[in-house]
Amino acid sequence: MKIKFLFLAFICAAALSVQAFPEAEFLKIFNIACRERSNGGNIMISPWGITQCYGMISCGAGESSAAELQHVLGLDKKFSDTVAALSLALKNDNGADIDFNSFNAILFDRKYVVNKNFAGFVSKLYNGKVYRLDYSRKEECVSSLNRIVEQESYGKFTDVFSVDDFAADPEVVLMNVLYFNADWQKGFEMSKTQKEYFFAASGDSFPVKMMNDDRHIPYYNDGKIHGIILNYRGECFKLLLMMPLNAKDDLSVVSGKLAECGIGHFVKKSSSAKKTSIKIPKLKLESNCDLTVLLKKAGLKLIFDPATADLQMVGNHPLFIAQSMQLLKLELNETGTDMAAVTYAIAKRAAFIPEESSNIFHANHPFVAILFDSKTNVVLLTAAIKTVK
(Lines give C-alpha, C1' and ligand atoms only; values in the text may rest on other atoms or scores of the structure.)
Protein backbone atom coordinates (compact mmCIF):
# COMPACT_ATOMS: atom_id res chain seq x y z
CA MET A 1 0.00 0.00 0.00
CA LYS A 2 1.33 3.45 -0.89
CA ILE A 3 1.33 6.40 1.45
CA LYS A 4 -1.73 8.53 0.82
CA PHE A 5 -1.37 12.14 1.85
CA LEU A 6 -5.02 13.09 1.80
CA PHE A 7 -4.71 16.41 3.58
CA LEU A 8 -7.74 18.00 1.94
CA ALA A 9 -8.01 20.25 4.94
CA PHE A 10 -4.90 19.33 6.79
CA ILE A 11 -1.98 21.18 5.21
CA CYS A 12 -1.53 24.85 6.02
CA ALA A 13 -0.23 26.97 3.18
CA ALA A 14 1.03 29.87 5.26
CA ALA A 15 4.24 29.81 7.30
CA LEU A 16 3.28 30.77 10.85
CA SER A 17 5.01 31.05 14.20
CA VAL A 18 5.50 27.72 15.97
CA GLN A 19 2.66 26.82 18.30
CA ALA A 20 2.55 23.40 19.92
CA PHE A 21 -0.48 21.15 19.84
CA PRO A 22 -2.57 21.91 22.97
CA GLU A 23 -1.95 18.47 24.48
CA ALA A 24 -2.34 19.56 28.11
CA GLU A 25 -5.75 21.14 27.56
CA PHE A 26 -7.16 18.02 25.92
CA LEU A 27 -5.72 15.61 28.46
CA LYS A 28 -7.52 17.66 31.12
CA ILE A 29 -10.76 17.40 29.13
CA PHE A 30 -10.27 13.63 28.78
CA ASN A 31 -9.75 13.44 32.55
CA ILE A 32 -13.00 15.36 33.12
CA ALA A 33 -14.85 12.91 30.86
CA CYS A 34 -13.39 9.90 32.68
CA ARG A 35 -14.27 11.26 36.12
CA GLU A 36 -17.78 12.27 35.08
CA ARG A 37 -18.52 8.80 33.72
CA SER A 38 -16.55 6.63 36.13
CA ASN A 39 -19.24 3.94 36.19
CA GLY A 40 -20.42 4.31 32.59
CA GLY A 41 -19.38 2.96 29.22
CA ASN A 42 -16.47 3.61 26.91
CA ILE A 43 -15.17 7.14 26.42
CA MET A 44 -13.55 8.10 23.12
CA ILE A 45 -12.57 11.64 22.16
CA SER A 46 -10.61 12.90 19.16
CA PRO A 47 -8.65 15.98 20.31
CA TRP A 48 -7.57 16.60 16.71
CA GLY A 49 -11.17 16.69 15.51
CA ILE A 50 -12.08 19.24 18.19
CA THR A 51 -9.09 21.45 17.41
CA GLN A 52 -10.08 21.57 13.76
CA CYS A 53 -13.81 22.19 14.24
CA TYR A 54 -13.42 24.66 17.11
CA GLY A 55 -10.36 26.22 15.52
CA MET A 56 -12.62 27.19 12.63
CA ILE A 57 -15.14 28.53 15.13
CA SER A 58 -12.40 30.68 16.67
CA CYS A 59 -11.91 32.28 13.25
CA GLY A 60 -15.34 33.88 13.61
CA ALA A 61 -15.25 34.53 17.35
CA GLY A 62 -15.49 37.93 18.97
CA GLU A 63 -12.97 39.08 21.57
CA SER A 64 -14.59 37.38 24.58
CA SER A 65 -15.27 34.04 22.90
CA ALA A 66 -11.82 34.00 21.28
CA ALA A 67 -10.19 34.52 24.68
CA GLU A 68 -12.21 31.66 26.18
CA LEU A 69 -11.38 29.32 23.27
CA GLN A 70 -7.71 30.14 23.77
CA HIS A 71 -7.90 29.57 27.53
CA VAL A 72 -9.90 26.32 27.51
CA LEU A 73 -8.76 24.67 24.26
CA GLY A 74 -5.49 26.47 23.52
CA LEU A 75 -6.87 27.63 20.16
CA ASP A 76 -6.62 30.91 18.33
CA LYS A 77 -6.52 32.13 14.74
CA LYS A 78 -2.87 31.14 14.41
CA PHE A 79 -3.36 27.48 15.27
CA SER A 80 -2.26 25.68 12.12
CA ASP A 81 1.51 25.20 12.25
CA THR A 82 1.04 21.78 13.85
CA VAL A 83 -0.83 20.75 10.72
CA ALA A 84 2.19 21.59 8.60
CA ALA A 85 4.54 19.87 11.05
CA LEU A 86 2.54 16.65 10.99
CA SER A 87 2.36 16.81 7.21
CA LEU A 88 6.14 17.11 7.03
CA ALA A 89 6.57 14.23 9.48
CA LEU A 90 4.44 11.97 7.33
CA LYS A 91 6.22 12.99 4.13
CA ASN A 92 9.52 11.98 5.72
CA ASP A 93 7.99 8.67 6.82
CA ASN A 94 8.91 6.90 3.61
CA GLY A 95 7.49 3.47 2.94
CA ALA A 96 4.92 3.47 5.73
CA ASP A 97 1.43 2.06 5.27
CA ILE A 98 -0.48 5.12 6.43
CA ASP A 99 -3.81 6.41 5.19
CA PHE A 100 -4.57 9.78 6.72
CA ASN A 101 -7.33 12.21 5.83
CA SER A 102 -8.51 15.30 7.70
CA PHE A 103 -11.19 17.31 5.94
CA ASN A 104 -12.58 20.66 7.13
CA ALA A 105 -15.65 22.43 5.82
CA ILE A 106 -18.05 25.25 6.61
CA LEU A 107 -21.52 25.17 5.08
CA PHE A 108 -23.79 28.20 5.26
CA ASP A 109 -27.23 29.19 4.05
CA ARG A 110 -26.94 30.92 0.68
CA LYS A 111 -29.45 33.60 1.70
CA TYR A 112 -26.72 35.10 3.92
CA VAL A 113 -23.43 36.72 3.07
CA VAL A 114 -20.50 34.98 4.73
CA ASN A 115 -18.16 37.17 6.75
CA LYS A 116 -15.07 37.56 4.54
CA ASN A 117 -12.63 37.65 7.45
CA PHE A 118 -14.14 34.47 8.87
CA ALA A 119 -14.07 32.63 5.54
CA GLY A 120 -10.56 33.87 4.83
CA PHE A 121 -9.14 32.63 8.13
CA VAL A 122 -10.89 29.25 7.77
CA SER A 123 -9.45 28.82 4.28
CA LYS A 124 -5.95 30.07 5.14
CA LEU A 125 -5.44 28.43 8.52
CA TYR A 126 -7.48 25.24 8.15
CA ASN A 127 -7.83 24.86 4.40
CA GLY A 128 -11.56 24.63 5.04
CA LYS A 129 -13.82 24.20 2.07
CA VAL A 130 -16.73 26.63 1.85
CA TYR A 131 -20.15 25.40 0.65
CA ARG A 132 -23.28 27.46 0.02
CA LEU A 133 -26.54 25.55 0.49
CA ASP A 134 -30.23 26.33 0.50
CA TYR A 135 -31.16 25.33 4.05
CA SER A 136 -34.86 25.62 3.24
CA ARG A 137 -34.42 22.45 1.17
CA LYS A 138 -33.55 20.41 4.24
CA GLU A 139 -33.54 16.95 2.67
CA GLU A 140 -31.13 18.06 -0.06
CA CYS A 141 -28.82 19.63 2.54
CA VAL A 142 -28.82 16.48 4.64
CA SER A 143 -28.08 14.37 1.57
CA SER A 144 -25.17 16.65 0.57
CA LEU A 145 -23.66 16.66 4.05
CA ASN A 146 -23.91 12.91 4.47
CA ARG A 147 -22.40 12.34 1.03
CA ILE A 148 -19.39 14.50 1.96
CA VAL A 149 -18.94 12.73 5.28
CA GLU A 150 -19.18 9.28 3.69
CA GLN A 151 -16.59 10.17 1.06
CA GLU A 152 -14.08 11.78 3.43
CA SER A 153 -14.40 9.04 6.08
CA TYR A 154 -13.84 6.29 3.49
CA GLY A 155 -17.35 5.00 4.04
CA LYS A 156 -17.02 4.69 7.82
CA PHE A 157 -19.89 7.11 8.43
CA THR A 158 -23.02 7.37 6.30
CA ASP A 159 -26.11 8.89 7.95
CA VAL A 160 -24.58 11.37 10.40
CA PHE A 161 -26.99 14.25 9.75
CA SER A 162 -30.79 14.20 9.71
CA VAL A 163 -33.53 16.69 8.85
CA ASP A 164 -33.96 17.38 12.59
CA ASP A 165 -30.50 18.96 12.63
CA PHE A 166 -31.83 21.73 10.42
CA ALA A 167 -34.69 22.70 12.70
CA ALA A 168 -34.91 26.41 13.64
CA ASP A 169 -32.92 27.32 10.52
CA PRO A 170 -29.22 26.98 11.33
CA GLU A 171 -26.92 29.53 9.74
CA VAL A 172 -23.61 27.67 9.63
CA VAL A 173 -22.46 24.04 9.95
CA LEU A 174 -18.77 23.50 10.70
CA MET A 175 -17.25 20.04 10.56
CA ASN A 176 -14.07 18.00 10.53
CA VAL A 177 -13.87 14.46 9.16
CA LEU A 178 -10.85 12.44 10.24
CA TYR A 179 -9.65 9.07 8.95
CA PHE A 180 -6.55 7.15 10.07
CA ASN A 181 -5.37 3.69 9.07
CA ALA A 182 -1.92 2.28 9.78
CA ASP A 183 -0.20 -1.08 10.17
CA TRP A 184 1.75 -2.02 13.29
CA GLN A 185 5.51 -1.92 12.94
CA LYS A 186 5.32 -5.52 14.11
CA GLY A 187 1.97 -7.19 13.70
CA PHE A 188 0.40 -9.82 15.91
CA GLU A 189 0.30 -13.42 14.75
CA MET A 190 -3.27 -14.50 14.15
CA SER A 191 -2.43 -18.00 15.35
CA LYS A 192 -1.74 -16.55 18.81
CA THR A 193 -5.10 -14.80 19.04
CA GLN A 194 -7.37 -16.79 21.30
CA LYS A 195 -10.56 -16.49 23.29
CA GLU A 196 -9.96 -15.16 26.79
CA TYR A 197 -11.98 -13.25 29.36
CA PHE A 198 -12.21 -9.46 29.63
CA PHE A 199 -13.26 -8.16 33.05
CA ALA A 200 -15.37 -5.04 32.52
CA ALA A 201 -15.68 -2.05 34.85
CA SER A 202 -19.24 -3.16 35.68
CA GLY A 203 -17.87 -6.35 37.23
CA ASP A 204 -19.09 -8.54 34.40
CA SER A 205 -16.73 -10.78 32.46
CA PHE A 206 -17.15 -12.10 28.95
CA PRO A 207 -15.06 -13.91 26.33
CA VAL A 208 -13.21 -11.84 23.72
CA LYS A 209 -10.59 -12.46 21.06
CA MET A 210 -7.29 -11.54 22.73
CA MET A 211 -4.10 -10.86 20.74
CA ASN A 212 -0.98 -12.26 22.44
CA ASP A 213 2.76 -11.75 22.12
CA ASP A 214 6.03 -11.46 24.04
CA ARG A 215 8.40 -8.76 22.85
CA HIS A 216 10.82 -6.02 23.83
CA ILE A 217 8.77 -2.82 23.72
CA PRO A 218 8.71 0.34 25.86
CA TYR A 219 7.08 -0.55 29.19
CA TYR A 220 6.09 1.87 31.97
CA ASN A 221 5.47 1.02 35.63
CA ASP A 222 5.35 3.50 38.53
CA GLY A 223 3.88 1.08 41.06
CA LYS A 224 0.30 2.25 40.49
CA ILE A 225 -0.02 2.53 36.71
CA HIS A 226 1.63 0.51 33.97
CA GLY A 227 1.53 0.65 30.21
CA ILE A 228 3.14 -0.10 26.87
CA ILE A 229 3.88 1.80 23.64
CA LEU A 230 3.26 0.19 20.25
CA ASN A 231 4.79 1.63 17.08
CA TYR A 232 3.12 1.90 13.71
CA ARG A 233 5.24 1.52 10.58
CA GLY A 234 7.61 4.42 10.23
CA GLU A 235 7.63 4.95 14.02
CA CYS A 236 5.97 8.36 13.64
CA PHE A 237 2.61 7.42 15.10
CA LYS A 238 2.43 5.46 18.34
CA LEU A 239 -0.29 3.93 20.51
CA LEU A 240 0.10 4.30 24.27
CA LEU A 241 -1.93 1.79 26.29
CA MET A 242 -2.18 2.20 30.07
CA MET A 243 -4.17 0.83 32.97
CA PRO A 244 -4.02 0.64 36.78
CA LEU A 245 -1.99 -2.20 38.27
CA ASN A 246 -4.93 -2.76 40.60
CA ALA A 247 -7.80 -3.80 38.35
CA LYS A 248 -10.30 -2.41 40.89
CA ASP A 249 -9.00 1.15 40.48
CA ASP A 250 -11.00 3.44 38.19
CA LEU A 251 -9.43 4.59 34.92
CA SER A 252 -9.54 8.16 36.23
CA VAL A 253 -6.33 7.20 38.06
CA VAL A 254 -4.71 6.95 34.62
CA SER A 255 -6.43 9.97 33.07
CA GLY A 256 -5.51 12.06 36.11
CA LYS A 257 -1.84 11.13 35.80
CA LEU A 258 -1.97 11.92 32.08
CA ALA A 259 -3.47 15.35 32.80
CA GLU A 260 -0.81 15.98 35.44
CA CYS A 261 2.30 14.76 33.62
CA GLY A 262 1.52 14.66 29.90
CA ILE A 263 2.26 11.94 27.36
CA GLY A 264 5.98 12.74 27.27
CA HIS A 265 6.41 11.61 30.87
CA PHE A 266 5.28 8.07 30.04
CA VAL A 267 7.38 7.95 26.89
CA LYS A 268 10.54 9.08 28.70
CA LYS A 269 10.03 6.78 31.68
CA SER A 270 9.36 3.67 29.60
CA SER A 271 12.00 1.00 29.07
CA SER A 272 12.29 -1.86 26.59
CA ALA A 273 15.15 -3.56 28.45
CA LYS A 274 12.95 -6.43 29.56
CA LYS A 275 10.62 -8.53 27.48
CA THR A 276 6.92 -7.83 28.07
CA SER A 277 4.04 -10.29 27.88
CA ILE A 278 1.26 -8.55 25.97
CA LYS A 279 -2.46 -9.24 25.77
CA ILE A 280 -4.67 -6.79 23.85
CA PRO A 281 -8.31 -7.41 22.92
CA LYS A 282 -9.37 -7.06 19.31
CA LEU A 283 -11.65 -4.03 19.27
CA LYS A 284 -14.39 -2.70 17.06
CA LEU A 285 -16.03 0.16 18.94
CA GLU A 286 -18.26 3.16 18.27
CA SER A 287 -19.09 6.14 20.45
CA ASN A 288 -20.95 9.46 20.32
CA CYS A 289 -19.99 12.46 22.45
CA ASP A 290 -22.10 15.58 23.02
CA LEU A 291 -19.41 18.25 22.94
CA THR A 292 -21.73 20.97 24.22
CA VAL A 293 -21.97 19.06 27.51
CA LEU A 294 -18.32 18.03 27.76
CA LEU A 295 -16.80 21.37 26.77
CA LYS A 296 -19.09 23.32 29.11
CA LYS A 297 -17.74 21.19 31.96
CA ALA A 298 -14.23 22.06 30.78
CA GLY A 299 -15.05 25.78 31.02
CA LEU A 300 -16.09 26.70 27.47
CA LYS A 301 -19.44 28.46 27.95
CA LEU A 302 -19.77 31.74 26.05
CA ILE A 303 -20.21 30.30 22.54
CA PHE A 304 -22.97 27.92 23.72
CA ASP A 305 -25.09 30.65 25.32
CA PRO A 306 -27.28 32.72 22.96
CA ALA A 307 -27.11 35.58 25.49
CA THR A 308 -23.30 35.80 25.47
CA ALA A 309 -22.14 34.31 22.16
CA ASP A 310 -20.41 36.71 19.78
CA LEU A 311 -19.69 34.57 16.75
CA GLN A 312 -19.66 36.69 13.59
CA MET A 313 -19.76 34.25 10.68
CA VAL A 314 -22.58 35.35 8.38
CA GLY A 315 -24.67 38.48 8.07
CA ASN A 316 -24.61 41.13 10.78
CA HIS A 317 -26.11 39.11 13.61
CA PRO A 318 -24.27 37.09 16.30
CA LEU A 319 -24.47 33.31 16.31
CA PHE A 320 -24.12 30.69 19.04
CA ILE A 321 -23.29 26.98 18.88
CA ALA A 322 -26.63 25.25 19.34
CA GLN A 323 -25.47 21.69 18.74
CA SER A 324 -22.10 19.94 18.60
CA MET A 325 -21.31 16.25 18.40
CA GLN A 326 -18.35 13.97 17.84
CA LEU A 327 -18.80 10.45 16.46
CA LEU A 328 -15.93 7.96 16.55
CA LYS A 329 -15.18 4.46 15.32
CA LEU A 330 -12.10 2.47 16.37
CA GLU A 331 -10.85 -0.93 15.29
CA LEU A 332 -7.73 -2.71 16.59
CA ASN A 333 -6.68 -6.03 15.10
CA GLU A 334 -3.58 -8.11 14.37
CA THR A 335 -2.64 -5.94 11.38
CA GLY A 336 -3.03 -2.45 12.79
CA THR A 337 -5.51 0.31 13.60
CA ASP A 338 -8.46 1.81 11.74
CA MET A 339 -10.02 4.97 13.17
CA ALA A 340 -12.54 7.53 11.95
CA ALA A 341 -14.16 10.56 13.56
CA VAL A 342 -16.68 13.20 12.61
CA THR A 343 -16.75 16.40 14.65
CA TYR A 344 -19.37 19.05 13.90
CA ALA A 345 -20.97 22.17 15.31
CA ILE A 346 -24.19 23.83 14.21
CA ALA A 347 -24.41 27.59 14.66
CA LYS A 348 -27.76 29.36 14.89
CA ARG A 349 -28.92 32.91 15.47
CA ALA A 350 -28.60 34.05 19.06
CA ALA A 351 -32.31 34.92 18.92
CA PHE A 352 -33.13 31.21 18.96
CA ILE A 353 -32.94 29.48 22.37
CA PRO A 354 -31.54 25.92 22.11
CA GLU A 355 -33.51 23.15 23.22
CA GLU A 356 14.98 -10.88 31.92
CA SER A 357 12.33 -11.24 34.02
CA SER A 358 9.29 -10.26 32.16
CA ASN A 359 6.92 -7.38 32.50
CA ILE A 360 3.23 -8.16 32.13
CA PHE A 361 0.65 -5.98 30.39
CA HIS A 362 -2.57 -7.92 29.96
CA ALA A 363 -5.37 -5.60 28.87
CA ASN A 364 -8.08 -7.92 30.07
CA HIS A 365 -9.72 -5.20 32.13
CA PRO A 366 -10.40 -1.49 31.51
CA PHE A 367 -7.53 0.47 29.97
CA VAL A 368 -6.72 3.81 28.38
CA ALA A 369 -5.54 4.22 24.78
CA ILE A 370 -3.82 7.34 23.39
CA LEU A 371 -3.08 7.59 19.66
CA PHE A 372 -0.50 10.31 19.03
CA ASP A 373 2.23 11.53 16.73
CA SER A 374 5.57 11.43 18.54
CA LYS A 375 7.16 14.20 16.50
CA THR A 376 4.49 16.89 16.81
CA ASN A 377 2.54 15.71 19.90
CA VAL A 378 -0.69 15.79 17.89
CA VAL A 379 -3.22 13.62 19.72
CA LEU A 380 -5.69 11.87 17.42
CA LEU A 381 -7.51 9.81 20.03
CA THR A 382 -7.98 9.51 23.79
CA ALA A 383 -10.06 6.53 24.86
CA ALA A 384 -11.09 4.84 28.10
CA ILE A 385 -11.97 1.29 27.09
CA LYS A 386 -14.23 -0.22 29.74
CA THR A 387 -15.95 -2.89 27.69
CA VAL A 388 -15.19 -4.54 24.35
CA LYS A 389 -18.51 -6.20 23.58
Would you mind calculating the gained length between residue 273 and residue 20 on full extension (0.36 nm times residue separation, minus the Cα-Cα distance), in nm to one decimal?
-> 88.0 nm
Taking the stretch 85-243 and dividing mean pair separation by its residue count, relative contact order in percent (alpha carbons under 8 Å, at least six apart) | 23
Sparsely packed trypsin sites (Lys or Arg not before Pro) within the stretch 235-306, loop by DSSP, other Cβ within 10 Å at most 12 = 248, 274
The chain - mean residue ellipticity at 222 nm from DSSP helices (-39,500 (n - 2.57) per run, n ≥ 4, rounded to 500) = -7500 deg cm²/dmol
Tell me the label-point distance for the pair residue 358, residue 212, using the 7 Å Cα-to-Cβ offset, in nm and rounded to one decimal.
-> 0.9
Beyond 27 Å between alpha-carbons counts as too far, so tell me which of 195/375; 28/248; 296/329; 348/386; 297/348; 156/274 fall in that bin.
-> 195/375; 348/386; 156/274
With all protein chains present, the chain has a carbon and sulfur share of its accessible area (1.4 Å probe) in percent of 48
Place the peptides 373-384, 225-236 in order of packing, highest mean first, counting for every residue the other Cβ atoms within 10 Å and averaging per peptide.
-> 373-384, 225-236
PRE reach from residue 247 (point 7 Å along Cα→Cβ): which of the stretch 194-233 fall under 16 Å by backbone N?
-> 195-211, 226
Any GluC sites (Glu not before Pro) in the stretch 160-221 that lie in a DSSP loop and have at most 12 other Cβ atoms within 10 Å would be 189
Taking R0 as 45 Å and r as the Cβ-Cβ distance between residue 335 and residue 265, the FRET efficiency 1/(1 + (r/R0)^6), rounded to the nearest 0.05, comes to 0.90
Tell me, what is the FRET efficiency for residue 132 and residue 290 to the nearest 0.05, using R0 = 22 angstrom and their Cβ-Cβ distance as r?
-> 0.20
Calculate how many DSSP beta bridges within the chain are antiparallel, expressed in % of all such bridges and rounded to the nearest 5.
-> 90
Given a 1.4 Å probe, the accessible area of the chain per residue, as a whole number of Å², is 41
Which FRET efficiency, nearest 0.05, do residue 63 and residue 36 yield, Cβ-Cβ r, R0 22 Å?
-> 0.15
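The values are calculated or read from the model by the stated rules, or taken from the named source; none is laboratory data. Treat the numbers as computed from the prediction; the structure is a model and nothing was measured. Note that we place each Cβ from the backbone using ideal geometry, even for glycine, and neighbour counts take in every protein chain shown. Keep in mind that these areas ignore ligands, DNA and RNA; they rest on the heavy atoms of the full protein, side chains included. Shrake-Rupley method; radii C 1.70, N 1.55, O 1.52, S 1.80 Å.
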